[in-house]
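Below you'll find the structure, written out as structure tokens, and then a few comments.
The values are calculated or read from the model by the stated rules, or taken from the named source; none is laboratory data. Nothing here was measured: the structure is a model prediction, and the numbers come from that model. Ideal geometry is used to build each Cβ from the backbone, glycine not excepted, and the neighbour counts take in all protein chains shown. Note: accessible area is taken over every heavy atom of the protein model, side chains too, but ligands, DNA and RNA are not part of it. Shrake-Rupley method; radii C 1.70, N 1.55, O 1.52, S 1.80 Å.
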Amino acid sequence: FKTAYMKRLESFKSFDLLLAISESTRQDAIQILGFSPDRVINLSGAASSIFKKVEYSQEEVDSLYSRLKLTRPFVFYAGNAEFHKNMDGFLRAFARLSPEIKSNHQIVFTHVGDPTLFRSKIRSLNLPEDAVVTTGHISDAEMVLLYNHCKLFVFPSLYEGFGLPILEAMACGAPVIASNNSSIPEVIGREDAMFNASDEESMA
């Protein structure tokens, strides 16, 4: 994987112009890969128009909640389970919250990697089994409903090239808090809505 990745980076040198998804990524190309600033342009990114505020019938909401076993207000995270997504840090931060907050809320993850390992982490933090709901693959329409109905969307990444789920969640009217590193401040644009992703107390 490393060999293929380095080969791809080397191939970038043959291009006349690079298009970056954020100013943070543009600066990485300039400072780490040594590209001339005039050869890298920040285009930024945008969420699909399907991500918006939607009025759902109670039947639509109840149907998805029943399938996912959602029984309480929930904190939502959408993304994969790779290391830089910092899901373990998110769980440890949640475990630091007061018993009242923990007992009255669930966390919803879309992907968790190895389910057995993930459940053992939940038990090691003394969280009840139903505290964390895993959706697995869901449709875009279901994602929009979850964005619209979450009590809070959290994006705890250690590093991001852009952070598209933040933009999707905000487009759906969700309150969002996120890490204060890499490209994320460009997307979220509010210092009071960001935390240090390497500090569980800050995240909590």
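A viscosity of 1.002 mPa s and a temperature of 20 °C, combined with the Kirkwood radius over Cα pairs in Stokes-Einstein, give a translational diffusion coefficient for the stretch 1-93 of 120 µm²/s. The distance between label points at S57 and E82 comes to 4.0 nm (points 7 Å beyond Cα on the Cα→Cβ vector). Computed over every Cα-Cα pair of the stretch 76-117 and binned at 10 Å starting from 0, the pair-distance distribution P(r) comes out as 25, 53, 21, 0 percent. In the assembled protein chains, R8 presents an accessible area of approximately 150 Å² (probe radius 1.4 Å).
Can you work out the FRET efficiency for the pair R72 and E23, with r the C-beta to C-beta distance and R0 = 25 Å, to the nearest 0.05?
After rounding, the FRET efficiency stands at 0.05.
Quick one: Debye curve from the C-alpha atoms of the stretch 49-204, no solvent, what's log10 I(q)/I(0) at q = 0.10, 0.14, 0.20 Å⁻¹? For the requested q values the scattering log ratios are -0.33, -0.67, -1.42. Just to compare against my own numbers: the Cα pair-distance distribution for the stretch 59-132, 10 Å bins, whole % per bin, please. Taking all Cα pairs of the stretch 59-132, the binned fractions are 17, 53, 27, 3 percent. Taking the C-alpha atoms only, the angle from helix 2-11 to the longest principal axis of the chain is near 50 degrees. Taking a straight line from the alpha carbon of K52, these lysines sit under 22 Å away, with near neighbours fewer than eight places off in the same chain left out: K151. A simple packing score, the average count of other Cβ atoms within 10 Å per residue, orders the peptides 12-21, 73-82, 27-36, 180-189 as 180-189, 73-82, 27-36, 12-21, with the highest score first. Take the Cα radius of gyration of the stretch 106-158 and divide it by 2.2 N^0.38 Å, N being the number of residues; the result is 1.22. Here the calculated FRET efficiency for D38 and R190, from their Cβ-Cβ distance with R0 = 35 Å, stands at 0.65, rounded to the nearest 0.05.
Summarised in one figure, the compactness ratio Rg/Rh of the stretch 140-201, Cα atoms and Kirkwood Rh, is 0.97.
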